[in-house]
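These notes concern the structure reproduced below.
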């Protein structure tokens, strides 16, 4: 299974999101991150992702006679490279985008269904802006966004920090 096929699935994409930021989680913790997905389905996807090298087993321990695995993301394997992006058909882009949106919707539903959900206090945003940009301005904007986001990707979980999902979506609007 190639990386595109592997990651263009909403459940597997949600597992990737759950492990971003150098998180290490057990299979049970990952299943808890996806309460709308059966445990068996989560476990099956974890096996596929581990076999493909997208997930690494950080460690194992025995718990009541069973082996409990803790997984971490292999960041270089959990991304679609530029060459693959260039070779993708319109239908493959459509499928990848649909998977990304399905994963995002599931995560947002999970947030809203939580007991402490407060979109105003949590500064939730889902605005869409129309920008008129030339090629140099677009390149500069992408660079500025990368400079703003990249240092924060190394943040680790700690008291006082909340994990946020930031999902920039950028494409030219049809005229």
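Any read-out appearing in this document is the output of simple, stated calculations on the displayed coordinates, not a laboratory observation. These figures come from a predicted structure and were not determined experimentally. So basically every Cβ, Gly included, is an ideal-geometry build from the backbone, and we count neighbours across all protein chains shown.
Here are a few things to note about the model shown:
- Region 23-114 holds strands (runs of 3 or more DSSP E) entirely within its bounds, and those carrying 3 or more residues that are surrounded by fewer than 15 Cβ atoms within 10 Å (Cβ to Cβ), free of Cβ contacts under 8 Å to residues at least 60 places away in the same chain and in contact with a strand residue (DSSP E or B) (Cβ under 6 Å, 6 or more places away or on another chain) map to 55-63.
- Which numbered condition residue 144 misses (of (1) free of Cβ contacts under 8 Å to residues at least 12 places away in the same chain; (2) over 25 Å from residue 24 (Cα atoms); (3) exposed (fewer than 10 other Cβ atoms within 10 Å of the Cβ)): (3)
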